[in-house]
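The values are calculated or read from the model by the stated rules, or taken from the named source; none is laboratory data. Just so it is clear, the model here is predicted, and its values are computed rather than measured. Cβ placement follows ideal geometry from the backbone for every residue including glycine, while neighbour counts extend to all protein chains displayed. Ligands, DNA and RNA are stripped out before the accessible areas are found, and what is left, the full protein with its side chains, is counted by its heavy atoms. Shrake-Rupley method; radii C 1.70, N 1.55, O 1.52, S 1.80 Å.
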Amino acid sequence: MANRHRVPHTGRLIGLVLLWLVCGPHAAVAQALLPQFEVDVVSVKAQGSSIEPRVDVYTRIPYRNLQFISRQDRFSAAYSVTATFYLADDEGRRQRLVTYDSWNHSATAAPFEATQNHQLSAHAVGSVDLWPGRYVLEVTVEDTETDQAFSSEVPVQVRDFSRAVALSDLL
């Protein structure tokens, strides 16, 4: 009789293990495929006394990738965005470092459930002046609270706006 009671439990355990093997890894792969953050780059004609075009780096970081801390009646997260520009060769591979800049940003949410909402994101922009040319931009977003960092590389073409008629990139 003792064996009859163990068999159903063992069978249930084996069934749970098989279920996890079939379903578990797929959920982990799907989670890994979600973007950590998004980057858009726009170059615009220089304003004022500057002769170099301005390059605006727009980032969108999903709230799920930020650590929110309770502060009085709301929750806040702090993060930094670092943009590093490298010259690109004819194949688009990065060569030497040209310039970099870093910006600190924050996001707030209330109530706590908003910090877990997969549709909400923190949006930020930073600007750098660059000469026309081909670049590789490495963007790193770092959560100030956890020190967790995400990086992404994107090709950037900064156009020459010095001609009589010059148009900015589409926004």
| said: I need the full set of residues from the range 109-131 which are closer than 30 Å to Ser162 by Cβ and in a strand (DSSP E or B), in order please. | reply: Ala124, Val125, Gly126, Ser127, Val128, Asp129
| note | Selection from the range 88-103 of residues surrounded by 14 or more Cβ atoms within 10 Å (Cβ to Cβ) and either outside any strand (DSSP E or B) or touching a Lys or Arg at 6+ places or on another chain (Cβ under 9 Å) (or both) yields Ala88
| field | Qualifying residue in the range 133-140 (condition: among the acidic types (Asp, Glu), assigned to a strand (DSSP E or B) and within 16 Å of Asp40 (Cα to Cα)) | value | yes
| note | Of the residues in the range 115-135, those that are free of Cβ contacts under 8 Å to residues at least 60 places away in the same chain, under 16 Å from the mean Cα position of the chain (by Cα) and surrounded by 13 or more Cβ atoms within 10 Å (Cβ to Cβ) come to Leu120
| query | Among the listed residues Val81, Val57, which satisfies the condition of being touching a Leu at 6+ places or on another chain (Cβ under 8 Å), assigned to a strand (DSSP E or B) and within 14 Å of Val125 (Cβ to Cβ)? | reply | Val57
| Among the candidates Ser70, Ser106, Ser50, Ser76, residue that is open to solvent by 20 Å² or more (accessible area, probe 1.4 Å), part of a loop (DSSP other than H, G, I, E, B), out of contact with any Gly (no Cβ under 9 Å at 6 or more places or on another chain) and hydroxyl-bearing (Ser, Thr, Tyr) | Ser50
